[in-house]
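Data block below; observations after.
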Amino acid sequence: MRTYLSARRSTTVYDGVTGAVRPFPDATAGIVLALLLSYLLPARLIFPPLTTLGRPGVLLGLGLFVWWALSRLHPVLATRNRQPMRWALAGYLATLALSYAAGQARGLPALEANGADRTVLMALAGAGILLAAADGVLTRQRIDTVLRWLCWCTTLMALVALSQFALRLDLTVYLKLPPVLVFQRDLVGFDDRGGGGLVRVAGTAGHYIEFSVLMVIGLVVAIHYARFPTSRHSRQIYTTLAIVQAGVIPISLSRTGVLALGAAVGLFALLWPLRTTLNVLAVGVGLAALIQVVRPGLLATLRALLLAGERDPSVQGRLEDYDFVAPFIRERPWLGRGVGTWLPETYQLLDNQWLVSLVSTGVVGVAGLVGLLGTGVVLASRMFRLTTDRRDRDLAAVLAVTLAVAASSAFTFDALYFSTYLITIHLLLGLVGALWRVTRADRTNQDGNP
C-alpha cells in the first residue's frame, strides 16, 4: 500500500484571508504514526512512570498539539481560514478548563488531583490529533491516505482478536516493542461469557466494548473504499478488509458492537443506493451463516444478550448507577465535581461516558462535548447535502455516521478513558474539518458563502 510516511515535509495551502498560496507543514505522517502506535501496540503498554499518558500514541498526540500551537505563532505557517472544528474544540476545552478550576477550588485529594491532570492532558492529546488533521492534512488524497491506514490498522487489530478467539493465544503478550515499554497492569485477556467455552476478546484494545466500536468504525470506512476504489484490485482488498472486520464484531460478545453495527447499516440504508444496501445485507447474511457453521452457539449467545434486557446484571448495574450519582449531580450541577475526579476505585465504575461527564464536568461540560461531536456531525451532514462529487458525498456520510455511532456507543462504557477510542474519535472530527476545507470551492459555488 502506498504511504506518505516519506512524503515532503510541507505542501501548499490556500489562505482564505490573503488569497495567497503558501507553504504549510503536512501532518499526515504524524497522524498515521499515531494510528499505528495506538492500534498495533497493546492498550496497556506504556512508558514506565507515566501511567495512561505513557501510551506512545497519546504522547505523539501531545507532540502534535505542541507542533500545531507553535505553527500558529509563525507568521507564514499559521493558517487563518475559517475552520468550525477549531471553534468547537476551543469551546469544549474551555468547559474542561472551567470544570478543572471548579474542582481545584473545592479542594481535591491527591488521587483526584492526579486524575484531573491526567484527563486534561488526555484531552490535549486528542486535541493535537484533531487540529493536526483539520489543519495539517492538506489535500483530498491525504485524507484518503489517513483513512486507508485506519482501515489497515483496524484490520490488524481484528486479526489479533481472531487469533485470540480461535487459538486462545494472546499475541499482545509478545507485542512489547520497543523494549523500554512496560505493561501498566494485567492485559485485558479473555472473558468467559455465555457458556459453551465462548470467550470475548479485545485484540489490542483496552476493553471489549472499545474493540467492537472500533471495528464498526473501520468496517464503515472500508466499505467506502470498496465502493469507490482506485482499481479493481483495490476494490477486492477493501472488500476483504470489510469482511474481516465485520466477522470479528461478534467475537467481542458485546451488545454495543452489534447495536452500533445495526445503527450504522440502518443509517446508511437511507443514504446508499438500493443495490448497495442489498449487496451489504447479502454479504452480512452469508457471513452470519459462516459464523454459525464455524462456531455454533456464538450468534445464539449474542441474541440472548440482546434480548436479556433489564434481566442482565450489567444492564441492571448501569440503571442503578443513575440513582447512585444523582446526589452528586444535584450537589454540583453546572461544573461538576471537577474533570477527571470521578475515580472508579474511589466511587463506582459507571460504564457510561455521558454520565461520567455529567457528574465530573456538569451540564456545562456535557454541553461542550455535545457541541464538539455535534459540530462534526452537522458539518459532515452539510457537506453531504452541498457537495456535488459522489465520492466526497459518501465520505461525508461515512464521517457523520461513524461520529454518531461512536457518540451513542459512549452510553455503554467510559469511552474517553480509552486512548484508542479517544484518538480515533478526534481523528474523525479532524478529518471532518479537513474535508470541510478541501471541498470549500464546491460549497462556495452552491451557496456563495466560503
**Request:** Express the carbon and sulfur contribution to the solvent-accessible surface of the chain as a percent, rounded to the nearest whole number, probe 1.4 angstrom.
**Result:** 65 percent
**Fill in**
Burial-style ranking of 51-58, 342-349, average other-beta-carbon count within 10 Å with highest first, yields 51-58, 342-349
**Message:** Between Ser234, Ser357, Ser212, where does the largest GNM mean-square fluctuation fall for the chain, given springs only between Cα atoms within less than 10 Å?
**Reply:** Ser234
**Request:** Counting only C-alpha contacts under 8 Å and six or more residues apart, can you give the relative contact order of the chain as a whole percent?
**Result:** 22 percent
**Asked** Can you give the calculated 222 nm mean residue ellipticity of the chain, where each DSSP H run of n ≥ 4 adds -39,500 (n - 2.57) and the sum is split over every residue, rounded to the nearest 500 deg cm²/dmol?
**Response** -22500 deg cm²/dmol
**Asked** If contacts are Cα pairs under 8 angstrom and at least 6 residues apart, what is the relative contact order of region 32-146 in percent?
**Response** 35 percent
**Request:** Calculate the length of the line joining the C-alpha centroid of region 298-330 to that of region 65-138, in whole Å.
**Result:** 33 Å
**Prompt:** Rounded to the nearest whole Å², what accessible area per residue is found for the chain with the 1.4 Å probe?
**Reply:** 42 Å²
**Rounded if a/c under 1.5, otherwise prolate or oblate - region 304-394, Cα gyration tensor axes** = oblate
**Asked** Percent relative contact order of region 359-440, based on C-alpha pairs within less than 8 angstrom and at least six residues apart?
**Response** 34 percent
**Prompt:** Going by average Cβ neighbours within 10 Å, how do the peptides 280-290, 147-157, 262-272, 393-403 rank, with the highest at the top?
**Reply:** 393-403, 147-157, 262-272, 280-290
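The values are calculated or read from the model by the stated rules, or taken from the named source; none is laboratory data. Since the model is a prediction, treat every value here as computed from it, not as a measurement. Cβ atoms come from the backbone with ideal geometry, glycine included; neighbour counts cover every protein chain shown. All accessible areas refer to the heavy atoms of the entire protein, side chains included, with ligands and DNA or RNA removed. Shrake-Rupley method; radii C 1.70, N 1.55, O 1.52, S 1.80 Å.
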